[in-house]
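The values are calculated or read from the model by the stated rules, or taken from the named source; none is laboratory data. Nothing here was measured: the structure is a model prediction, and the numbers come from that model. Cβ coordinates were reconstructed from backbone atoms using ideal geometry, including for glycine residues, and neighbour counts include every protein chain displayed.
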């Protein structure tokens, strides 16, 4: 929940110009709902994709304040975040709610970016794998493993978001590897093509090392994405 129209304009224009002709990396901007129209207009003709930070579980009806997947698609979005750690933590979104949102996004033609991750307490108790497995299985149980071919996963350890703490590249890759292996147990082909992003205080200073890991396919960038030069350097690291 950051940014003004002026900030969004400056960031979008800088990113589009810097990445013009860059075909080695996929980039998406996910601004707040009220800035989607502006960013969509600024991205017209650009290879940078537009995404939303959330999507409604419902298709229509008396759900004041919610925004449906169809509305997002009409606004120009190609993807939507679901299950971000802040939605799970502050708005009590359960695994079932997140799975429903992922299905709604897919049904409407959006690519859901499904966020998974554990708290510090869960990590210290050795529960990381069981937590992310439970979160992933809720989606697979709802839509089937084949549907993951149209999704992106994002591992975002809650303890490494906005804290300055970051999982080491090896720690992060270990969780990514576990997630890919869990999908492979059901469908090796889907697992092989599945993109798994890392989101946990990614900065230009650590991006190259993180992205060099075999099972880290990119980043879900938080605070660093609000600074144009920093975000551009991260994108260039991925490329």
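Is it the case that residue 78 is under 13 Å from the mean Cα position of the chain (by Cα), surrounded by fewer than 17 Cβ atoms within 10 Å (Cβ to Cβ) and modelled with pLDDT of 95 or more? Judged against the criteria, residue 78 is a match. Across the range 200-210, the qualifying residues are those that are in contact with a strand residue (DSSP E or B) (Cβ under 7 Å, 6 or more places away or on another chain) and at pLDDT 95 or above, and the one among them that is farthest from residue 225 (Cα to Cα) is 210. Of the residues making up the range 55-86, those that are part of a helix (DSSP H, G or I) and touching a helix residue (DSSP H, G or I) at 6+ places or on another chain (Cβ under 8 Å) are 69, 70, 72, 73, 85. Of all the listed residues (105, 99), the sole one being within 25 Å of residue 177 (Cα to Cα) and touching a residue at least 40 places away in the same chain (Cβ under 8 Å) is 99.
Among the residues of the range 148-157, is any at pLDDT 95 or above, surrounded by fewer than 20 Cβ atoms within 10 Å (Cβ to Cβ), in contact with a strand residue (DSSP E or B) (Cβ under 8 Å, 6 or more places away or on another chain) and in a helix (DSSP H, G or I)? Looking for residues that are at pLDDT 95 or above, surrounded by fewer than 20 Cβ atoms within 10 Å (Cβ to Cβ), in contact with a strand residue (DSSP E or B) (Cβ under 8 Å, 6 or more places away or on another chain) and in a helix (DSSP H, G or I), one finds at least one in the range 148-157, hence yes.
Number of residues in the range 20-34 that are surrounded by 19 or more Cβ atoms within 10 Å (Cβ to Cβ) and either part of a loop (DSSP other than H, G, I, E, B) or out of contact with any strand residue (DSSP E or B) (no Cβ under 7 Å at 6 or more places or on another chain) (or both) equals 3. The number of residues in the range 188-216 being out of contact with any helix residue (DSSP H, G or I) (no Cβ under 8 Å at 6 or more places or on another chain) and assigned to a loop (DSSP other than H, G, I, E, B) comes to 1.
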